[in-house]
Amino acid sequence: MRHAPTIALHKSVPPLPAGLGSPTGAEGGGELENRCATASYSLFTIGFTKTKAEDFFKKIKNSNVKKVIDVRLNNISQLAGFAKRDDLKYFLAEICDCDYEHQPLLSPTKDILDDYKKKKIDWNEYELRFNNLMKMRKPESLFNAESLNNSCLLCSEPTAHKCHRKLVAEYFKLIFQLVAVIHL
């Protein structure tokens with residue numbers, strides 16, 4: 001029987017410099033090629049705010065993403081623009097030949113998210129609460145490394161730095177050790 005590991009994810013690999021989001025190691029490779037040399041599966045992450053639709057869909061398409069897994073709590077907000085659920089599903093299929101799946105199991109609870117937005121808790125407390133939530137929810141029961149391969153976790157934050165998509169990706173990397181996380 002596999003036990004959920006203790007999660008201490010504060011020391012993550014920093015996001016790749018611009019241009020290195022492609023699994024092919026564009027712009028000279030280096031760090032990305034080293035990550036992928038030890039991993040068999042690529043799990044991407046992306047945010048959509050402060051991003052033009054053209055750039056967003058190019059990153060998805062150029063990285064050969066096969067499925068976008070939407071980890072947002074609310075994916076139907078009018079503020080989401082091109083990333084509103086039904087529109088995004090259509091655009092991904094038409095532009096990127098890519099599937100779409102909303103997975104609320106990978107979203108924070110409304111309480112955790114609201115406490116962070118209202119500055120009742122800081123990022124460290126948010127991480128702790130979210131990681132505990134992931135351990136309780138056990139999303140690894142729905143996914144395996146192969147099913148995550150060439151998938152991309154989607155959230156709204158422009159970078160993964162303080163976004164739960166990074167925490168989800170790190171959780172999966174810890175559980176499925178052959179997964180390389182690439183932030184687009």
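Each reported figure results from applying straightforward, stated rules to the coordinates on display, with no laboratory input. In this text the structure is predicted, and so the values were computed from the model without any measurement. Here the Cβ is made from the backbone with ideal geometry for all residues, glycine too, and neighbour counts use every protein chain on show.
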Once you sort the root eigenvalues of the Cα gyration tensor of the stretch 31-183 as a ≥ b ≥ c, which label holds: rounded (a/c under 1.5), prolate (a/b larger than b/c) or oblate (the other case)? oblate
Given contacts defined as C-alpha pairs under 8 Å and at least six residues apart, what's the relative contact order of the stretch 31-183, whole-number percent? 44 percent
7 Å from Cα along Cα→Cβ at both Asn74 and Thr109: what's the point-to-point distance in nm? 1.9 nm
Computed for the stretch 31-183: size of charge dipole around the Cα centre, +1 on C-beta of each Lys and Arg, -1 on C-beta of each Asp and Glu, debye to nearest 20, value 360 debye
Going by C-beta contacts inside 10 Å, put Leu153, Leu92 in order with the fewest on the left. Leu92, Leu153
Please report Glu127, Glu157, Glu54 as a ranked list, fewest other C-beta atoms within 10 angstrom at the top and most at the bottom. Glu54, Glu157, Glu127
